[in-house]
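Enquirer: One structure, pasted below without further comment.
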Amino acid sequence: MKKIIPLLLLVGLLFASAGAFAQEDHLSPPPESAKMSGWDNGFWIRSADDMFKFKIGALVQFEQLTEIRQGLARSANKPPPDKFNDTFLMRRANLATSGTLFEKVDFSAILNTSTGATSQSFNFFSDFTYNFLPTFRVSGGTIGIPLDMLGEASSRWFLTVEPPLVATQEDGQKLQTIARQSFGAPADLGLRMEGDIFDGHLNVQAAATNGAGFKSQNTNNDLSYGGRMQYNVWEAVDISKEGDFAWSENAKLSFNVGTMFEDKDAPDTFLPAVTHKWAWTTTGGAEFRWRGFALNAEGYLRDDKVLAAPGTLDVNNNGKLRDTGYYANGSYFVIPKKLEIALTASQVMREGPDNDANEFGGGINWYIFKNNVKWQIDYTNVLDYDDVAGLNNATYHRFRTMFSVMM
């Protein structure tokens, strides 16, 4: 009997332990497997081993432009220019896909249509990125030379309806200036390398592109080259976003410098009398973010080597046309992640008489649903000094509004 009692106690203990384990299993079931698909600013799906990912999204932006024009001179044998313009257009629409292959290769493909001042364009862009290391990657396809901060900014995050004058002004397209295009690096076919060093404080990028445009062959064998460095003093600034939608609790400050050598061995699109050989552009700027406040500023210097140009443009008679410019814009979220006010200023100073342009203004941005549904309103005053008949000392009062749906 004495031997049976310890045995019964042992059996009871085992049953009690089993009951405790069973109760614990009942209270804490095993975790469910990770989601294989979902919605995050677009629909995504992935494989069970996380080796393959795919995402699809879209963007649609509708713009209304009301423009009052002053100081437009009448050209000979032509009717007087319109002093008032009111138009509605689908500014941008695209369908975008992106994903990851074998954990190392990221890809994207975008079908895009956009409407400008005088025409509509349809384009297909695609690129890939191979991540050799977490701090080093190589991209190929339709890319942009990493020149300036503004060139990296997404239209989804512009502070105003349109980017500053330094990026949007093109002779013959915007009907503002006479001599040559504004600053920036257009999308082109090429290769791009990017690396992070010094614990992410320094980002370095370099690229080479076709030079003849991604829609045609590069028949003259010349390429365009460029690079950019971003030094993050504190936390890194996401230069794709011009505002501080994330409401940065810690201050962020970054400095950027860039340079680009462009092959332009072709007649000028907007002024056939000018034949370009090459253009060398240098930029420098800074961005700051803190608790809903954002500030962006960048300056430009370009030497444009010409084979032929009217004497009225090449005032230094050295076979080069020197252009300078800058932009500065800033914003503050009056209501965090909901209501943002913005100011912008931009100037372009081209070599030659009466050949400059200025833009000053501001706007209000209402984030209706995160950054997926947004309404923007702005006003800019553009003052143009041109000695071309029909565009003498023109002033444009622009009232614009844009409704964006993005995912």
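Only the coordinates and a few stated rules stand behind these numbers; no lab work does. All values reported here derive from a predicted model rather than from experimental measurement. Note: ideal-geometry Cβ built from the backbone for every residue, glycine included; neighbour counts use all protein chains shown.
Enquirer: How do the peptides 317-330, 57-70 rank, highest first, by the average count of neighbouring beta carbon atoms within 10 Å per residue? Display every interim value, and only then the final one.
Expert: Working: 317-330: 18.6, 57-70: 16.4.
By packing density, highest mean first, the sequence is 317-330, 57-70.
Enquirer: Quick check of the Kirkwood formula: for the range 120-161, what is the inverse mean of 1/r over all pairs of different Cα atoms, in Å?
Expert: Working: mean 1/r = 0.0774 Å⁻¹.
Radius from the Kirkwood sum: 12.9 Å.
Enquirer: State the extension gain, in nm to one decimal, for the chain segment bounded by PHE198 and ASN381, taking 0.36 nm per residue of separation less the distance between their alpha-carbons. Mind dumping the intermediate values first?
Expert: On the way: separation 183, 0.36 × 183 = 65.88 nm, distance 4.30 nm.
Going from the current span to full extension adds 61.6 nm.
Enquirer: Quickly work out the VAL405-to-GLN120 label distance, labels modelled 7 Å from Cα along the C-beta direction, and quote it in nm with one decimal.
Expert: A separation of 1.7 nm, rounded to one decimal place.
Enquirer: Applying 1/(1 + (r/R0)^6) with R0 = 30 Å to the Cβ-Cβ distance of ILE335 and LYS277, what FRET efficiency is obtained, to the nearest 0.05?
Expert: Values: r = 52 Å, r/R0 = 1.72.
Computed FRET efficiency for ILE335 and LYS277 comes out at 0.05.
Enquirer: Modelled label-to-label distance, GLN70 and ASP40, 7 Å Cα→beta-carbon offset: nm?
Expert: 5.1
Enquirer: A follow-up question, please. To the nearest µm²/s, what D does Stokes-Einstein give for the range 303-382 at 10 °C and 1.306 mPa s, using the Kirkwood radius over alpha carbon pairs as Rh?
Expert: Values: Rh = 15.4 Å.
D, rounded to a whole number, is 103 µm²/s.
Enquirer: What FRET efficiency, computed as 1/(1 + (r/R0)^6) with R0 = 22 Å and r the Cβ-Cβ distance, is obtained for LEU101 and GLU235, rounded to the nearest 0.05?
Expert: The value I calculate is 0.15.
Enquirer: From the cross-link list LYS53/LYS374; LYS55/LYS252; LYS53/LYS252; LYS35/LYS55; LYS35/LYS374; LYS104/LYS374, which pairs have alpha carbons spaced over 22 Å apart?
Expert: On the way: LYS53/LYS374 28 Å; LYS55/LYS252 30 Å; LYS53/LYS252 31 Å; LYS35/LYS55 14 Å; LYS35/LYS374 29 Å; LYS104/LYS374 34 Å.
From LYS53/LYS374; LYS55/LYS252; LYS53/LYS252; LYS35/LYS55; LYS35/LYS374; LYS104/LYS374, over 22 Å: LYS53/LYS374; LYS55/LYS252; LYS53/LYS252; LYS35/LYS374; LYS104/LYS374.
Enquirer: Would you pull out the residues with amide H under 5 Å of PHE43's amide H, same chain only if 5 or more places away, H placed 1.01 Å from N?
Expert: ILE56
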